[in-house]
Amino acid sequence: MQRMSSLTCTKLTLCTVSAILLQVIGLSLFVLGFFPVKPTLSGFSGPESFQPPGCDSVEDPNVSNLHPDQLKSLYQELYEIPPSFDRLVLMVIDGLPAEFVLGRDDRPPSMVMKEVMPYTQSLLASGMAFGYHARAAPPTVTMPRLKQAMVSGAIGGFLDVAFNFNTQALLDDNLIRQFFNIGWQMVMLGDETWLKLFPGLFTRHDGVSSFYVKDTVQVDYNVSRHLGDELNRTDWNLLILHYLGLDHVGHNGGRSSVFMDSKVKEMDEVIKMIHLSTKQFQDNDQGRTLLMVASDHGMTENGNHGGSSYEETDSLVLLVGLKPKASDYPLVTRSMIHQVDIAPTLALLFGVPIPKNNVGMMIAEAFDSLTDDQQLRILELNSWQLLRLLQVQIPGLSCGSLSCDVLSNDQWPGITECNGSYEEMLCCLFANAVVLHKSWKSKRISRSNSGDEYHMTVLAYDNFLGAASKWLSGRATYKPAGVLIAGVAAMVFSCLVFIGLLFRLDQEVYPCKVRHLSDVKDIVLKCHFDETYVLAIIFILVLSMGSSSMVEEEQYIWHFLTSTFYLVLLRKAVQSLIARTRQNLFSLIKEQNRSSYIQVSSIILILITGRIMRGWHQGGVNWAHLPDISKWLEQAGRCYVKSIQLVSWVLIMSLGVYSLFSLQSKKYSAMVIGLTFLVPGALVMQHIIEYQDTSFAASSSGSNSTVQIIYTLLGVSTLGTFFGVPWLMPVPSPKILSVHTGSLSSNFLADLRMKFLVVGFRDSIYVIGWAYIHYWCLLQLLLQQPTNSMPVLFLLVQILASMYYCSKGGIYLKQWVEVAGLYYLGLAGHFALGNTNTLATIDVAGAFIGISSHSTLLSGILMFIITYASPMLALLSMVMYMAIKETCAPVNAQDVDIGHFLKMTVSFPCLVPLGLNSAILVAYTIVLLLMRNHLFVWSVFSPKYLYVCATTACVYIGVSVLSLTAIYTSFVFAFRSGYIAVLHQR
């Protein structure tokens, strides 16, 4: 073969590595530019919060030097309203959906929930408690909900979902700091996130890790064991109780877990205990205590959260201790607020400044016991705080243009119609509220009509507060255009490099294939529909990314496109078989004919298993309620699920051992490697049989020990196979070599080198590739949800069938088309395992299998392994693909050059995934940039982009494993060939 000297292995490697580094830099720039941490106002609110936001309103630096008691007295004097309560109990029930307590829409809560929490339901029915559906902003994970919504009243940045695993101290204005400044004594029991956010502010505390989700008992017992003693004490003003058990039950078994009812009942008992204690506290004239029961987020049917669905954002706020009033229970349960409304409500109830970055509006029912004057004062303070935030974020709302003129004007200009831009409308709404408030104060209208004037003033304030809160909550963060353009440009350039390298390789390799084809094969080759369709898949996928609904239901696109791709291959295989038969029916070789039929059968097997996998998890995001095979298995019972697991285990083990023994003249080597397959495989089966029934409870020490042994064996076996097989793999004699190469050169030493480099390399890569695949499947049987064991088997069968077709009939396909087909199988399988483009489908519970305590690093690695099981399996399978694929590798001794050999062997399996992923990454980056002002940019498009980034990392890892395996193996055999050549010379 005549090679093109301009594209050497060194140049190809340098270009590929440079393109990867450039892509990483561009992606980092774009992510940091598009997802910045939301800007916040520095400092803490002080006495200026109780004054109008006038031009000469400045903060008094001496306030920070005041004693807490003096500062508290100053606040009460400026506030003009005595605090409604003396103490606060904030009970956070992590993951509790408001639907459990308040029902949904016009429906009351289910009878089961009413029965397991009778005391809470009695409080709501009697009007002693007010319940609200509090909408949480995505991402619905714990840290942002506590840090921003509950204590700061702010909307967090989207990347707070990443910071959730590495909580840092909160330095922005917040309620906890405000309470601390006035001398409050505070106690915290439960989730240690509070301790990380507010270090040193709690008088007493006992924290537990929130990430070890296998623990559903100890995390709550650790809180409740202190509760009786703390309720009897009088030395605290704020008691925070953060219960994690219900959230952990959801992660392990979903909303319908058998442990859910008992956990909800346990929470009802805690609410009863606190309420009775606070009532006794009040009856003894020891002050009034407010109990707020809140949840940070809800949960989906499978118990996860993080996304923006109704089930995830429907959190609870329950106020117990307000002035009882007779109310219509159904109307109370339908009340809807936002989670950010908690911060201003608590601040105004306890007489401290509202945090500077608050975007919420106070809950009106919490202040029903106040007089009209006091309620208007509450509305005024909330409006001033939001106006200050608006003035900072909207240059048009300058001090002179609005606040000074309106607030200092004693004349009554009258009410105006609010039109124009959103900024002008906000100005107008605030001016109308101020005018009506001044009018009501001045008593210009007769006392008989003052009620109407009061309600008009309240309505005007509500209109301004609602509009300002909506604008501030939905305001897009500043995105530096230069950084975004630089990031996109770098990714585009790297994508062009990958495409250019693939095009050059195609031009270099493809003529070699055409030269060796018969006339019949050449006729079939003229049909390039398969190549066009591979590129069309990317084009169709890019077009679908512009629709939020298509992003949410991307699994349908991948299942359809992948199935259609293999239908195209089926058509091509049948065409080739018919063309060969018509050319010369009598000259057909029996083995070739049989091979052609097996190729057709392989594609049919891929299509059948693909259809079953499509029906395994077909709900997606919007249609999660639809029935599918996984739901049917869960309803059928654990016996059926365990049977499916055992069948999958048997077939995976059988395929692994059989494939190893298919190596000709390598029986002893296959037996040794097969034994390494059996040992961890047996332990996986033992874990399935003995510990599967305890998956919803806290992990036992025996289960953890078994899993840790499995991790160790899989790791050691993988590394041992990688390092040892190239050195131990026997190489056939020159006579056997002739079977592989067809002819031998007269130069014995050159033939010897070719024998080691070609035949030995392929046999070693075959064994190593099978080890990667087999160990990965065993790991997935251990980590995946039990119902996903069969899709793992089907995915393995699809990959093997596809590689068999490529090895026997791939002569009709270009190599990059074959690699693209394997890569597409991996992406379609990603959704077949139940993954979607929402963060809620990430299997958090599986990330703690075999871990006895929380480790962010280990749990993160396991979470990544579970989520990207299918794409990584497809990438690992390309190691074995290199061994079974007949390429244009050197067939002459003179062509035995290790650099050229690596280029012809590794280039397509590495460059095709990099190129396809790069095209998708660049396209979706541009789509996200265009959708930056879309209504669903944070709830749909941004989570999808995080998945795209994670998929890019998956491709990098897979390609690295593939290239390192090939390079290491080839260099080992190059060394062995040189050593043996020296021995023969002697």
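The values are calculated or read from the model by the stated rules, or taken from the named source; none is laboratory data. Values in this document were obtained by computation on a predicted structure and should not be read as measured data. Counting neighbours? That spans all protein chains shown, and the Cβs are built from the backbone with ideal geometry, glycine included. Side chains are part of the model used for accessible areas, which takes the heavy atoms of the whole protein and leaves out ligands, DNA and RNA. Shrake-Rupley method; radii C 1.70, N 1.55, O 1.52, S 1.80 Å.
Treating only the Cβ atoms of Lys and Arg (+1) and Asp and Glu (-1) as charged, compute the dipole magnitude of the range 203-274 about its Cα centre; round to the nearest 20 debye.
Working: 8 positive and 11 negative charges, 24 e Å.
My answer is approximately 120 debye.
Give a residue-ordered list of calculated ³J(HN,Hα) values for the range 462-470 (Karplus: 6.51 cos²θ - 1.76 cosθ + 1.60, θ = phi - 60°; whole Hz; x for Gly, Pro).
In residue order, the calculated couplings are 4, 4, 5, 4, x, 5, 5, 5, 5 Hz.
Taking a ≥ b ≥ c as the square roots of the eigenvalues of the Cα gyration tensor of the range 185-344, is the shape rounded (a/c under 1.5), prolate (a/b larger than b/c) or oblate?
Values: a/c = 1.64, a/b = 1.18, b/c = 1.39.
Verdict is oblate for the range 185-344.
Net charge around ALA828, counting only other residues with Cβ within less than 12 Å of its Cβ (Lys, Arg = +1; Asp, Glu = -1)?
Numbers: positive: ARG611, ARG614; negative: GLU554.
In short, +1.
Which ³J(HN,Hα) values in Hz, rounded to whole numbers, follow from the phi angles of the range 111-120 under the Karplus curve 6.51 cos²θ - 1.76 cosθ + 1.60, where θ = phi - 60° and Gly and Pro get x?
4, 4, 5, 5, 6, 8, 9, x, 5, 4
When the chain is fully extended, how far beyond the present Cα-Cα distance does ASN284 get from SER122, taking 0.36 nm per residue of separation?
On the way: separation 162, 0.36 × 162 = 58.32 nm, distance 2.36 nm.
Here the segment from ASN284 to SER122 would lengthen by 56.0 nm.
Would you mind computing, in nm to one decimal, how far apart the modelled labels at LEU858 and PHE560 are, each placed 7 Å from Cα along Cα→Cβ?
With each label placed 7 Å out from Cα toward Cβ, I get 4.4 nm.
What FRET efficiency comes out for the pair LYS642/LYS272, r = Cβ-Cβ distance, R0 = 45 Å, nearest 0.05?
Numbers: r = 40 Å, r/R0 = 0.88.
It comes out at approximately 0.70.
Collect residues whose amide H, placed 1.01 Å from N in the peptide plane, falls under 5 Å from the amide H of ARG288; neighbours closer than 5 in sequence don't count.
Long-range HN contacts for ARG288: ASP86, ARG87.
Go through PHE971, PHE198, PHE722, PHE936 and list them by solvent-accessible area, largest first, probe radius 1.4 Å.
Largest accessible area first, the residues go PHE971, PHE936, PHE722, PHE198.
Could you order GLU690, GLU365, GLU554, GLU115 so the one with the most accessible surface comes first? Probe is 1.4 Å.
Numbers: GLU690 100, GLU365 65, GLU554 10, GLU115 125 Å².
Sorted by accessible area, descending: GLU115, GLU690, GLU365, GLU554.
Which sequence of THR216, THR532, THR718 reflects their accessible areas, 1.4 Å probe, from the largest down?
On the way: THR216 10, THR532 85, THR718 40 Å².
So, going from the largest accessible area down, we get THR532, THR718, THR216.
Can you give the extra length, in nm with one decimal, that the chain gains between ALA953 and PHE539 once fully stretched, where that is 0.36 nm per residue apart less the Cα-Cα distance?
Numbers: separation 414, 0.36 × 414 = 149.04 nm, distance 2.21 nm.
Taking 0.36 nm per residue and subtracting the Cα distance, the gain is 146.8 nm.
Can you list residues from other chains, or at least 5 along the same chain, whose modelled amide H is less than 5 Å from the amide H of ASP296?
ILE93, GLY95, LEU96
Near the amide H of HIS242, under 5 Å away, which other amide H atoms are found, from residues 5 or more places off or on another chain, if H is placed in the peptide plane?
Those qualifying (amide H under 5 Å, at least 5 residues apart or on another chain) are VAL92, LEU189, GLY190, ASP191.
Considering only Cα-Cα distances, which of the following residue pairs are longer than 25 Å: LYS196/LYS470; LYS272/LYS323; LYS196/LYS272; LYS263/LYS323; LYS572/LYS885?
Values: LYS196/LYS470 30 Å; LYS272/LYS323 18 Å; LYS196/LYS272 29 Å; LYS263/LYS323 29 Å; LYS572/LYS885 19 Å.
Pairs exceeding 25 Å: LYS196/LYS470; LYS196/LYS272; LYS263/LYS323.
With no solvent and one point on each alpha carbon, what is the Debye value of log10 I(q)/I(0) for the range 88-141 at q = 0.15, 0.16, 0.20, 0.23 Å⁻¹?
Those come out to -0.48, -0.55, -0.84, -1.06, one per q.
Starting from the 7 Å offset along Cα-to-Cβ, what nm value, one decimal, do you get for the label separation of ALA489 and THR203?
6.0 nm
Find how much the distance from SER73 to ILE884 grows on full extension, using 0.36 nm per residue of separation minus their present alpha carbon separation; answer in nm with one decimal.
Numbers: separation 811, 0.36 × 811 = 291.96 nm, distance 8.20 nm.
Fully extending the segment from SER73 to ILE884 adds 283.8 nm.
With a ≥ b ≥ c taken as the square roots of the eigenvalues of the C-alpha gyration tensor of the range 779-878, please select rounded if a/c is under 1.5 and otherwise prolate if a/b is larger than b/c or oblate if it is not? Write down the numbers at each step before the final one.
On the way: a/c = 2.56, a/b = 2.47, b/c = 1.04.
Since a/c reaches 1.5 and a/b is larger than b/c, the shape of the range 779-878 is classed as prolate.
Give me the distance in nm between label points sitting 7 Å out from Cα along the Cα-to-Cβ direction at SER601 and LYS470, one decimal.
The modelled label-to-label distance comes out at 6.5 nm.
Short version: ³J(HN,Hα) in whole Hz for each residue of the range 125-134, in order, from phi by Karplus 6.51 cos²θ - 1.76 cosθ + 1.60 (θ = phi - 60°), x for Gly and Pro, what are they?
5, 8, x, 7, 9, 10, x, 9, 7, 9
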